[in-house]
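We did not get these values from a lab; they are worked out from the coordinates using the rules stated. Since the structure is predicted, the reported quantities are computational estimates derived from the model, not experimental observations. Note that each Cβ is placed from the backbone with ideal geometry, even for glycine, and that neighbours are counted across all protein chains shown.
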Amino acid sequence: MRITAPTETAPGETRVALVPRSATQLVSTGATVAIQAGAGVAAGITNAAYVEVGAEVVADRAALIADADIVVVVRRPDVAFVGQMKRGSVLVGVLEPAGDPAVVRALVDGGVTAFRLEAMPRISRAQDMDVLSSMATLAGYHAAVMAAFRLPRIFPLMMTAAGTITPARALILGAGVAGLQAIATCRRLGAVVEAFDVRPAVRDQVESLGARFVETGVESESQQDTGGYARELEADAQARQHQVLAEHVKESDVVISTAQIPNRKAPILVTADMVASMRPGSVIVDLAAPGGGNCELTKPGEEVDANGVLILGPMNLPAAIPGQASQLYSHNATRFLMQILKDGQVQLDFDDVVISQTCITHDGKPMGEQIEALLQGATA
């Protein structure tokens with residue numbers, strides 16, 4: 001069994017899919033692990049570090065891909081990449097099939113079995129394979145640090161001989177994994193923190209971190225789906241939500257928004273009018289930028305100055321912390337590999353929700369109604 005990890009080629013991507021510690025675990029199962037030369041450099045991992053744990057370092061990218069039984073990636077590869085993979089091989093990564101149906105078609109035509117880690121079920125035994133939670137933790141942390149750096153004032157209360165500096169006020173929108181980490185980090189930096197979420201079940205978590213939970217009157221248990229994600233609000237509920245949030249946004253120095261809905265455009269939580277009410281120098285970090293943004297004025301991947309309010313729309317914050325991001329991602333991916341590797345071979349039990357929910361192609365066929373519909377829509 002030959003398991004490989006190539007260099008990521010997406011713009012700005014600094015992570016590597018497998019780190020030396022994971023390579024050690026995989027080698028101990030009898031597998032051969034090969035890494036493309038230089039794949040870990042951006043994450044601070046040298047070629048020598050892989051060699052020391054028994055992994056091979058291969059300079060020829062095409063040969064690395066063509067010889068692999070399992071290829072582990074961070075981001076979805078392109079059609080040309082898939083074309084280099086051998087029939088019957090396995091691809092594992094954050095594949096986001098809806099982003100490029102042509103890649104899914106290439107996987108089907110090439111007889112490649114592919115698993116999208118972003119679809120990992122949120123069940124207790126899959127927690128150590130949950131890539132989205134791992135990356136969201138880092139994104140929430142970095143968003144708070146980014147806001148603190150760009151805000152033209154300090155976060156904590158400070159008593160000085162020249163007078164008292166009042167603490168900054170931070171509002172976190174969305175109390176999922178990223179939001180909770182943003183709350184914790186802003187609190188550690190000394191800010192006064194408020195947080196909002198449509199799911200009342202997260203109130204205890206918010207308050208346990210020392211933040212005040214903002215009630216808008218739209219919170220309901222029905223706003224959480226079976227996977228633990230928030231549902232989109234109806235129009236009248238959105239209007240009530242905006243009315244309440246407007247006052248809290250106005251008084252905030254920092255707003256960090258994290259609300260995303262899987263496979264849907266991110267909901268607008270901060271309107272242009274709310275931004276106009278904020279003090280000059282305030283900062284908005286919109287972690288929902290990849291989904292269009294929670295702020296009406298967000299431009300994904302750009303910085304916007306809206307009359308003195310800075311709006312940041314980062315697209316891939318974990319890549320800004322490549323060392324730890326690679327470490328966590330690699331652990332998640334390796335734990336998943338351990339689920340499909342039995343006695344040195346890939347063995348798939350489609351009665352296992354971890355396998356069935358993440359597999360998008362197998363044996364020359366799309367897996368699941370969603371993937372079938374995606375391909376049909378692409379050819380319609």
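Where a Cα-Cα gap under 21 Å defines reach, which lysines qualify for Lys250, not counting those fewer than 8 residues away within the same chain? Excluding near neighbours in sequence, the set is Lys299.
Largest first and in whole Å, what are the equivalent-ellipsoid semi-axes of the stretch 269-380 based on the Cα gyration tensor, each being the root of 5 times an eigenvalue? Don't jump to the answer; show the numbers that get you there.
On the way: eigenvalues 337, 86, 21 Å².
Calculated on Cα positions only, the semi-axes equal 41, 21, 10 Å.
Please compute the volume of the convex hull spanned by the alpha-carbon atoms of the chain and report it per residue in Å³. Present the calculation step by step, with values, prior to reporting the outcome.
Details: hull volume 58.1 nm³, N = 380.
It is 153 Å³ per residue.
In this label model, Thr271 and Asp351 are separated by 5.4 nm, measuring between points 7 Å along each Cα→Cβ vector.
What the Cβ-Cβ distance of Arg150 and Glu207 gives, at R0 = 25 Å and to the nearest 0.05, is a FRET efficiency of 0.35. 3J(HN,Hα) along the stretch 265-272: 5, 4, x, 7, 10, 10, 7, 4 Hz, from the Karplus curve 6.51 cos²θ - 1.76 cosθ + 1.60 with θ = phi - 60°, whole Hz, x for Gly and Pro.
Let's test the formula: R0 of 51 Å, r as the Cβ-Cβ distance of Ile123 and Thr160. What FRET efficiency results, to the nearest 0.05? Don't skip to the end; give the middle numbers.
On the way: r = 51 Å, r/R0 = 1.00.
My answer for the efficiency is 0.50.
For the options Asp67, Asp109, Asp351, a Gaussian network treatment of the chain with springs between C-alpha atoms closer than 10 Å singles out Asp351 as fluctuating the most. Highest average first, the peptides 28-40, 254-266 ordered by how many other beta carbon atoms sit within 10 Å of their residues are 254-266, 28-40. Taking packing as the residue-averaged number of other Cβ atoms within 10 angstrom, the listed peptides 204-212, 113-121 run from highest to lowest as 113-121, 204-212.
If R0 is 22 Å, the Cβ-Cβ spacing of Met315 and Asp78 corresponds to a FRET efficiency of close to 0.75. Principal axis extents of the Cα atoms in the stretch 138-320, from largest to smallest and rounded to whole angstrom, are 53, 34, 33.
Highest mean first, the peptides 188-200, 94-106 sorted by other C-beta atoms within 10 Å per residue fall in the order 188-200, 94-106. Count Lys and Arg as plus one, Asp and Glu as minus one, and take only other residues whose Cβ is under 15 Å from that of Ile371; the net charge is then -3.
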